[in-house]
Amino acid sequence: MKVDLKGIAKVTSKDRTYYYAWRGGPRLTGKPNSPEFITSYHEAITSRRTTDVGKVRGLVSSYRASPAFTGLAETTRRVWQRWLDRIVERFGEYPVAQFDRPEKIRPIIRKWRDTWSDRPRSADYAIQVLSRVLTHAVDLDKIRANPCEGIKNLYSNNRAELIWTNDDLAALKAVASPEVWWAVSLAAHTGLRAADLKELAWSHIGDDAIIIPTSKSRGTRSAFVPLYDDLRSVLAEIPKRSLSVLTNEKGRQWRDGVNGTSFRNARDSALPGRDLHFHDLRGTAATRFHAAGLSNREIAEIMAWEEGQVDRIIRRYVGRSAVTSAIVQKLKRAEG
């Protein structure tokens, strides 16, 4: 028998469909309209009406309904929902007050994290989401401090020296499709993130600069990239087949390929064994800007970074060897 359950949110990801009691609510178990499904729905609704933040289960429900969670990007919420379910599965019946004893709870948290020790990034993600939930508990005055603070990440990868060199770019261009190459070349010359490149439209390109609201800031900040000669040359190569700058071979807006399978296949073919990511092209752009003698303020304006963070970000994205090379070039120009 089909039962009308109000407010259920349906989410499809990677050919799998998930159901949630409400948008931002807990995930439902069982097949739609099965007894298990209906029971999990009513339990979620009951929990929502009588949320007891004295236990972690209620705290997670409270967090799901809070602006701290609902204000996240939809893709982030979709991923975090699964981790919130795991947190409830492991800690749901724990009193929140128990997390106010860091010397007792941290070993338990670490043991739970180590369930994914063979996947360090997943392990760190578990701590990240749990930490957000416990920060919510601090905000509600349920605990005095977040016990996740001080728990070190398992995944460690210093990508400071991992930037795309001219040789890397030339090797990729030799094997990549024009569409992949245009995306890579634009990223290397603008420093725009993959998400912003996907949304880049010809209307964002003015006479003197590219101005586009950044997705990471939810449109509150804009990247401002001056149209210098090399960048104009890159844009001149790209045919205007759509309102969007980057399109697939059919001329449609390229939703996945900017940083998807086509890019990774080309990279692996051209640069086997090189651990280069699409995001590292931001470092390549920062290197170009730094080598050109741009100030921190100018780089911050172009890449939509905070000026006060530029020094740290430059050290992260622009490797010491790249900085040294840039200084040498400046000295040579001065000598000339």
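Brief remarks on what is shown
- Cβ-based net charge around LEU294, under 11 Å, with every Lys or Arg adding one and every Asp or Glu removing one: 0
- Extension gain (nm, one decimal) between THR39 and ILE108, 0.36 nm per residue minus Cα-Cα: 21.8 nm
- Those chymotrypsin sites (Phe, Trp or Tyr not before Pro) in the range 177-282 that DSSP places in a loop and that have at most 16 other beta carbons within 10 Å: TYR228
- Ordering of 185-196, 76-87, 108-119 by burial proxy (mean other Cβ atoms within 10 Å per residue, highest first): 185-196, 76-87, 108-119
- Cross-link pairs exceeding 26 Å between alpha carbons, from the set LYS10/LYS111; LYS31/LYS250; LYS173/LYS332; LYS152/LYS198; LYS173/LYS240: LYS10/LYS111; LYS31/LYS250; LYS173/LYS332; LYS152/LYS198.
- Each residue of the range 74-80 was assigned a 3J(HN,Hα) from its phi angle through the Karplus curve 6.51 cos²θ - 1.76 cosθ + 1.60 (θ = phi - 60°); the sequence is 4, 5, 5, 4, 4, 6, 5 Hz, with glycine and proline shown as x.
- Whether the range 99-257 is rounded, prolate or oblate, judged on the alpha carbon gyration tensor where a/c under 1.5 counts as rounded: prolate
- Net +/- balance of residues flanking PRO102 in space, Cβ distance below 14 Å, scoring K and R +1, D and E -1: +2
Each value in this text was obtained by applying a stated rule to the coordinates, not by laboratory testing. Since this is a predicted model, take the numbers as computed values, not measurements. Backbone-built Cβ (ideal geometry, glycine too); neighbour counts: all protein chains shown.
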